[in-house]
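Worksheet: one structure, shown below.
The values are calculated or read from the model by the stated rules, or taken from the named source; none is laboratory data. Because the structure is predicted, anything quoted here is derived from the model rather than measured. For neighbour counting, all protein chains shown are included, and Cβ atoms are generated from backbone atoms with ideal geometry for every residue, glycine included.
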Amino acid sequence: MPTRIYLIRHGESTWNAQRRWQGVADAPLSDAGRAEATLLADALHTVPLRAVYCSPLRRAVDTAAVVAAVHRLDVIPVADLREIAFGVWESLLATEVEQRFGALLKEWWDRPDQVQIPGAEPLEAARARVAAAIHEIVARHEDGQVAVVAHGGVNKLLVLTLLDAPLSSYWRMRQDNACVNIVEFDGDRGRVLVLNDTTHLR
């Protein structure tokens, strides 16, 4: 049997609601984000999860904790599931980044695989650590089902890797707050079954 991973983006954070750049900054869930986590847990309550892994950032840990509680599991933080670091943009409002870094921001939208944001983590480096973390999780659960609660950027990088797609395609998919993706691994070979499902939030 393959390993099935329910790859989840955390619920809305207070900085998501304010449209602030987060990266590795540690904003908590908003009230809406906590409600999303509850709906997410309800949707997954019949899935026989063997473990719940997450990014060590609070918005992911708190989302994962709600899911794990339903299954009477502990949350397992994994450092390499943290979000992509955005350097000098972190903590700034979207409008502030647009005003202060307009040309660089345009490059981020147009060529995310080539842009160099001061102090930020390159996408290629982030993809390498995320892929390694996921393969380690798969090795621990060769025939089981697990949840992984991470971030929009992290999830995109994993999906692109599974599809053997270039990092320039980073913006060709959405990852909404509290969405569920389902991916499977049969040994080293992975495939995408579900992408950005948010029907449980309606």
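Being in contact (Cβ under 8 Å) with a residue 40 or more places away in the chain and surrounded by fewer than 21 Cβ atoms within 10 Å (Cβ to Cβ) is a property that LEU39 has. Here GLY187 clears all of (1) farther than 22 Å from GLY23 by Cα; (2) in contact with a helix residue (DSSP H, G or I) (Cβ under 9 Å, 6 or more places away or on another chain); (3) surrounded by 14 or more Cβ atoms within 10 Å (Cβ to Cβ); (4) not hydroxyl-bearing (Ser, Thr, Tyr) except the condition numbered (3). Within the range 144-153, if we keep just the residues that are hydrophobic (A, V, I, L, M, F, W, C) and touching a Ser or Thr at 6+ places or on another chain (Cβ under 7 Å), the residue that is nearest to ASP80 (Cα to Cα) turns out to be ALA150. Is it fair to say LEU104 is in contact with a Leu (Cβ under 9 Å, 6 or more places away or on another chain) and assigned to a helix (DSSP H, G or I)? Considered against the rule, which asks whether it is in contact with a Leu (Cβ under 9 Å, 6 or more places away or on another chain) and assigned to a helix (DSSP H, G or I), LEU104 comes out as no.
Annotation note: of VAL130, VAL97, the sole residue that is more than 29 Å from LEU162 (Cβ to Cβ) and either at pLDDT below 95 or surrounded by 14 or more Cβ atoms within 10 Å (Cβ to Cβ) (or both) is VAL97.
Is it fair to say LEU163 is touching an Asp or Glu at 6+ places or on another chain (Cβ under 6 Å) and surrounded by fewer than 19 Cβ atoms within 10 Å (Cβ to Cβ)? No, not satisfied.
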